[in-house]
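The values are calculated or read from the model by the stated rules, or taken from the named source; none is laboratory data. As the structure is a prediction and not an experimental result, all values here were calculated from the model. We place every Cβ from the backbone using ideal geometry, glycine too, and count neighbours over all the protein chains shown.
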């Protein structure tokens with residue numbers, strides 16, 4: 001494992017190094033930054049660039065964001081350190097990272113400038129939740145002040161189809177997706193662009209070979225959105241003209257639970273083009289569809305439930321372990337001991353195991369406790385730290401964790 005260079009930079013909080021972070025644009029809560037990074041490997045240099053960016057945002061201030069003021073008002077190292085160590089807490093608000101694949105080696109280190117897109121509402125909400133700044137977020141809320149979910153709109157695909165191939169091959173579907181996105185933005189809902197996120201994920205997978213994942217699976221896990229919406233359209237033509245039928249379905253990203261579903265269709269119209277009909281079909285049901293999402297998101301049921309997370313265990317590319325390996329003092333299977341910990345530490349033992357094979361173990365939904373042992377609110381980062389500590393100290397299994405929204409990714413070495 002290489003050594004991240006960022007801790008050295010942290011010793012000089014006000015050094016010139018942090019001034020190399022610049023804000024290129026900041027529109028509707030999505031901010032694009034240029035930030036330098038360096039490391040022993042390209043992926044380390046990419047992480048270093050994001051750490052430098054988040055250090056500047058949190059503690060120094062960046063022109064173009066909050067009038068250049070630091071985002072952190074009251075520092076608490078127990079929370080802020082996780083932005084700069086192996087926890088990679090920043091990833092939950094990173095929308096895309098570009099340019100790392102172009103970093104070149106110079107004097108023994110990979111160096112370059114990355115372009116990083118950040119969801120500022122998500123980052124600020126995270127800081128407010130950790131009591132690092134006062135609660136004054138206005139973006140991403142309804143007129144009544146209620147917090148809205150962040151959303152990614154994706155095309156419906158059948159088993160075996162690729163999101164990107166489906167999206168690229170159907171202009172009418174792209175129009176429908178774009179219109180759904182625009183409708184959400186008009187309601188001040190933060191939306192993540194599917195195509196930009198997909199391309200970013202694809203480029204990252206091209207050089208990051210430590211853990212093999214498919215782009216489609218990685219897309220939804222790492223998007224950092226609360227909800228993803230599937231758009232499915234069917235087109236019909238006859239002597240009477242064209243007609244379009246549309247289905248919209250919204251799912252909670254962390255659990256896959258369906259939040260809303262609406263159908264819409266147009267009449268056969270002799271002069272209307274299919275793309276125009278797609279836009280019309282979306283317009284007919286979009287307001288009611290978003291209202292249903294928000295009613296679930298803000299309703300009494302949602303408020304009373306403890307947070308659910310997805311937990312995915314996988315092995316580092318160089319690891320020789322499997323989940324059938326005996327570990328710990330009693331020599332029991334690794335998969336069994338992990339499941340015992342999840343069963344004992346999930347809230348009221350509420351969890352759903354998707355399955356386990358030699359190299360993968362996935363929980364579709366784990367209900368984390370509302371508070372930790374100190375009575376403070378539990379969050380995915382704290383929960384992942386407890387799990388990582390159990391693996392290391394109790395079972396002698398080296399592991400690291402990463403947080404993507406409400407997904408905990410555990411890599412075992």
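Only one of the listed residues (87, 106, 119) is crowded, with 20+ Cβ neighbours inside 10 Å and on the phi < 0 side of the Ramachandran plot. That residue is 119. For beta carbons closer than 7 Å, sequence separation of 6+ or different chains, a first residue in region 227-245 that is free of Cβ contacts under 8 Å to residues at least 24 places away in the same chain and a second that is assigned to a strand (DSSP E or B) and surrounded by fewer than 16 Cβ atoms within 10 Å (Cβ to Cβ), the qualifying pairs are 234/245. Within region 350-361, identify whether any single residue is in contact with a strand residue (DSSP E or B) (Cβ under 7 Å, 6 or more places away or on another chain), within 23 Å of residue 91 (Cα to Cα), assigned to a strand (DSSP E or B) and modelled with pLDDT of 90 or more, and answer yes or no. Checking region 350-361: at least one residue is in contact with a strand residue (DSSP E or B) (Cβ under 7 Å, 6 or more places away or on another chain), within 23 Å of residue 91 (Cα to Cα), assigned to a strand (DSSP E or B) and modelled with pLDDT of 90 or more.
For region 250-262, indicate whether the set of residues that are modelled with pLDDT of 90 or more and farther than 30 Å from residue 410 by Cβ is non-empty. For region 250-262, residues modelled with pLDDT of 90 or more and farther than 30 Å from residue 410 by Cβ: present.
Counting only residues that are surrounded by 14 or more Cβ atoms within 10 Å (Cβ to Cβ) and either outside any helix (DSSP H, G or I) or modelled with pLDDT of 80 or more (or both), region 185-209 holds 8 of them. Take the residues in region 362-387 that are buried (at least 20 other Cβ atoms within 10 Å of the Cβ) and under 17 Å from residue 335 (Cα atoms); name whichever of them is modelled with the lowest pLDDT. That would be 365.
Looking only at residues of region 48-88 that are in a loop (DSSP other than H, G, I, E, B) and under 21 Å from the mean Cα position of the chain (by Cα), we find that the one that is farthest from residue 389 (Cα to Cα) is 71. Residue pairs whose Cβ atoms lie under 6 Å apart, sitting 6 or more positions apart in sequence or on different chains, and linking a residue in region 28-52 that is assigned by TED's automatic domain parsing to the domain that holds residue 113 and at pLDDT 90 or above to a partner that is surrounded by fewer than 20 Cβ atoms within 10 Å (Cβ to Cβ) and part of a helix (DSSP H, G or I), are 36/20; 42/207.
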